[in-house]
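The values are calculated or read from the model by the stated rules, or taken from the named source; none is laboratory data. Everything numeric in this text was worked out from a predicted model, so none of it was measured. Positions of Cβ are generated from backbone atoms using ideal geometry, with glycine treated the same way; all protein chains shown enter the neighbour counts. The protein model used for the area step is the full one, side chains on, heavy atoms only, and it has no ligands, DNA or RNA in it. Shrake-Rupley method; radii C 1.70, N 1.55, O 1.52, S 1.80 Å.
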Amino acid sequence: MEHLAVIMDGNGRWAERRHLPRLMGHRAGAEALDRCMHYCKAAGVKYLTVYAFSTENWKRSEEEVSGLMKLLSSFIASKEKTLVKEGVRFRVIGRRTDLSEKLQSEIAALEEKTKDGDFTLVVALSYGGRDEIVRAAMKFKGATEEEFAACLDTAGIPDPDLIVRTSGEQRTSNFLLWQSAYSEYYFTPVLWPDFDQAEFDKALDAFAHRERRMGGRLK
Ligand code: FPP
């Protein structure tokens with residue numbers, strides 16, 4: 001499998017069950033992301049895309065939104081050296097102009113510093129699939145699907161093979177709408193901060209047993 005995408009759901013519930021503030025759940029979620037990146041690399045996966053903040057997430061409390069933004073900013077600051085050292089290319093998709101100018105410039109600097117990495121971590125921020133398609137349509141001058149895909153935020157990134165959603169919800173929630181045309185889905189009740197190596201292996205194993213016809217016939 002080349003590209004795994006994850007809807008990292010359940011951070012809030014993970015924290016609430018422990019009588020902790022929701023933000024502690026997001027912090028634990030950021031650590032789970034760090035671990036997941038390592039599982040991916042060890043399994044030979046080349047791209048990991050994670051849904052970190054949707055266009056809808058702006059409706060959450062000011063406290064939660066600003067806490068998540070701070071978490072992203074500190075993730076960028078604290079991971080810079082490790083990402084460069086480990087050959088991880090960092091890339092953001094979504095309506096990045098919604099983010100503070102400070103965060104936008106931190107993101108651009110990290111993208112530049114990590115551009116030679118051979119494993120790609122794509123973080124979806126202020127991301128919505130429909131929003132991405134509308135923005136692509138504004139730029140589109142061509143006639144083919146390939147030319148349209150090149151106008152999306154994910155230009156140059158292969159479509160995800162598998163999309164995992166944690167915490168038991170079985171919805172796509174506006175994630176990678178165009179790119180998921182032929183993706184497999186895997187849903188698990190496990191909350192994102194608890195997503196460990198065993199859960200990762202289960203997801204990849206389930207994927208390995210799917211028959212992917214991609215609209216064609218099996219040979
Ligand atoms: C969904 O859980 C998760 C989010 C809205 C945020 C995801 C963010 C992170 C894992 C951390 C930051 C990411 C990076 C790149 C450092 P929820 O809050 O909807 O959980 P709930 O459904 O249980 O309330």
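Residues in region 1-23 that are aliphatic (A, V, I, L, M) and in a helix (DSSP H, G or I) were compared, and the one that is farthest from the ligand (Cβ to nearest atom) is Leu23.
Out of (1) more than 16 Å from the ligand (Cβ to nearest atom); (2) assigned to a loop (DSSP other than H, G, I, E, B), what's the single condition that is false for Ala136? The failed condition is (2).
Has region 114-130 got any residue that is of a type in the set (Phe, Trp, Tyr) and not in a loop (DSSP other than H, G, I, E, B)? Yes: one or more hits.
Of the listed requirements (1) of a type in the set (Phe, Trp, Tyr); (2) crowded, with 18+ Cβ neighbours inside 10 Å; (3) touching a Cys at 6+ places or on another chain (Cβ under 9 Å), Tyr127 misses just one: (3). The residue of region 24-40 that is nearest to Leu103 (Cα to Cα), among those that are open to solvent by 50 Å² or more (accessible area, probe 1.4 Å) and near the ligand (Cβ under 10 Å from one of its atoms), is Arg27. So, in region 73-97, exactly how many residues are in a helix (DSSP H, G or I), closer than 20 Å to Gly129 by Cβ and near the ligand (Cβ under 10 Å from one of its atoms)? Going through region 73-97 one residue at a time, the tally reaches 0.
Taking first residues from region 39-53 that are closer than 13 Å to Leu204 by Cβ and partners that are open to solvent by less than 30 Å² (accessible area, probe 1.4 Å) and not in a strand (DSSP E or B), the Cβ contacts under 7 Å between residues at least 6 apart in sequence or on separate chains come to Tyr39/Phe200; Leu48/Cys36; Leu48/Met37; Leu48/Cys40.
Of all residues in region 47-82, those satisfying the criterion of being of a type in the set (A, V, I, L, M, F, W, C) and either farther than 20 Å from Glu2 by Cβ or in contact with a Gly (Cβ under 7 Å, 6 or more places away or on another chain) (or both) are Ala52, Phe53, Trp58, Val65, Leu68, Met69, Leu71, Leu72, Phe75, Ile76, Ala77. Does at least one position in region 165-174 carry a residue that is more than 14 Å from Leu4 (Cβ to Cβ) and open to solvent by 70 Å² or more (accessible area, probe 1.4 Å)? Checked against the condition, which is being more than 14 Å from Leu4 (Cβ to Cβ) and open to solvent by 70 Å² or more (accessible area, probe 1.4 Å), region 165-174 yields at least one hit. Of all residues in region 41-60 being away from the ligand (no atom under 14 Å from the Cβ) and touching a strand residue (DSSP E or B) at 6+ places or on another chain (Cβ under 8 Å), which is most open to solvent (accessible area, probe 1.4 Å)? Result: Lys46.
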